[in-house]
Amino acid sequence: ADFDAKKKRKLAEIYRALNSDPINVATLRRMAISEGGLLTDEIRCKVWPKLLSVNTDDLPPLPAREELREDNKDYQQVLLDVRRSLRRFPPGMPDDQREGLQEELIDIILHVLQRNPQLHYYQGYHDIVVTFLLVVGDRLATALVEKLSTHHLRDFMDSTMDNTKHILNYLMPIIDQVNPEVHDFMQSAEVGTIFALSWLITWFGHVLSDFRHVVRLYDFFLACHPLMPIYFAAVIVLHREQEVLDCECDMASVHHLLSQIPQDLPYESLISKAGDLFVQFPPSELAKEAAQAAQAERTAASTFKDFELASVQQRPDTVLRQRFRERLRGEERLRGEERTKSILTKPRTNRFVKLAVMGLTVALGAAALAMVKSALEWAPKFQLQIFP
């Protein structure tokens, strides 16, 4: 009964925020993050667009299917991935209904890629798109996924995996801040961060079997900074501290343990822990620790301020232009400051600097270096390890 009362209060607060003028996006963010998330798919249909500042009044119609698929360079790969995505649909769904949704899934992906030639398809992208399709339907999913692909997911959609590797580089510094023992054990095992790649680039959609947990995480990630999924990944590793430390200290054993994600995680407490860590060790500090400020400039993380501003004002273009001008002015100033700072860094950061400079490969030892390099460039060949 107490739970029901809490749920009723939360529903009332969400609808109040939706009906206020202007819409109270800050409250909606808080509701999406706090216990239970957005509660129902009906509410998600209303709130997710607000969190992404997508105007639902004039959604563009989807182009004809034949038109989309003709001579499309990504069609074959998308088709293969979508065919393999059976387990992402609710068990017991009739075949013809599922097949219809799979066709819609292909259309949404091709449509977003066609409209944004700067974006590159990656394996795992369909795991994110299918979540939106199942919750909000094809037209709204297309608009939301397009906005998400040009913001939160932008780094995964480059022609190379450099920015994705850069985001994975945050994982070890977060773990080190909270639990140096686990961090040092993982470093000794030379396990690297590849085990978290499929978590990150699918927002955990690929690895969690219960759809309710997936949408609960999407509520959280949509309301937060684009780097929140890597904090959540760190929290999962930290939650498994004892299993990790009891494991054989070698790459294969630790990688195997960590890549098998437990399905019975205490999601609500992990979500609130990830939020706490984000506040305690914000990316800007970790980026300094990792001495990668220059690279961070180009990543989605650094454009989030604009995105947040835009979603509050719901007038993205002007805000983004204004922020871009400010950033150009600020960049010169920052470069001078960074130079001074790097001379004055505290001794503790030496390990981070090394970690950053050597990137993903630092933990993997010289022998594995070549394998990982080629694995990241040719992800499909490596998909057995990345996508269990």
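The values are calculated or read from the model by the stated rules, or taken from the named source; none is laboratory data. Keep in mind that this is a model prediction, so the values were computed, not measured. Neighbour counts run over all protein chains shown; Cβ positions are idealised from the backbone, glycine included. All accessible areas refer to the heavy atoms of the entire protein, side chains included, with ligands and DNA or RNA removed. Shrake-Rupley method; radii C 1.70, N 1.55, O 1.52, S 1.80 Å.
Using per-residue counts of other Cβ atoms within 10 Å, averaged over each peptide, order 2-8, 253-259 from highest down. Don't jump to the answer; show the numbers that get you there.
Working: 2-8: 9.7, 253-259: 18.6.
Peptide ranking by packing, descending: 253-259, 2-8.
Computed from the C-alpha gyration tensor, the three semi-axes of the ellipsoid equivalent to region 64-117 are 22, 11, 9 Å, from longest to shortest. Note that region 13-27 has calculated 3J(HN,Hα) couplings of 5, 5, 5, 4, 5, 5, 8, 6, 10, x, 4, 7, 5, 4, 5 Hz, one per residue in order, obtained from phi through the Karplus relation 6.51 cos²θ - 1.76 cosθ + 1.60 (θ = phi - 60°); glycine and proline are x. The count of lysine pairs in region 1-156 that are at least 8 places apart or cross chains, and whose C-alpha atoms lie under 20 Å apart, stands at 6.
Charges were assigned to the Cβ only: +1 to each Lys and Arg, -1 to each Asp and Glu. The resulting dipole of region 1-156 about its Cα centre is roughly 840 debye. A protection proxy built from the mean count of other Cβ atoms within 10 Å ranks the segments 244-251, 108-115, 124-131, most packed first, as 124-131, 108-115, 244-251. Spacing of the modelled spin labels on Arg87 and Arg69, each 7 Å from Cα toward Cβ, amounts to 2.6 nm.
A P(r) calculated from all alpha carbon pairs of region 106-179, with 10 Å bins opening at zero, reads 18, 45, 23, 12, 2 percent. How much of the accessible area of region 187-264, in percent, comes from carbon and sulfur atoms when a 1.4 Å probe is used? Roughly 49 percent of what the probe reaches on region 187-264 is carbon or sulfur. Highest mean packing comes first when the peptides 273-285, 179-191, 93-105 are listed by Cβ atoms within 10 Å, giving 179-191, 273-285, 93-105. Entry comment: accessible area of region 158-292 is 33 Å² per residue, from protein heavy atoms only and a probe of 1.4 Å.
Using a simple spin-label model with pseudo-atoms 7 Å out from Cα toward Cβ, Arg16 and Glu42 lie 2.0 nm apart. Kirkwood analysis of the Cα pair distances in region 1-156 returns a hydrodynamic radius of 17.1 Å.
Split the accessible area of region 1-156 by element, probe 1.4 Å, and carbon with sulfur accounts for 51%.
Farthest towards the positive end of the charge dipole of region 1-156, among the residues Gln76, Trp48, Thr131, is the Cα of Trp48, using unit charges on the Cβ of Lys, Arg, Asp and Glu.
Per residue, the solvent-accessible area of region 1-156 (1.4 Å probe, heavy atoms of protein chains only, all protein chains present) comes to 49 Å².
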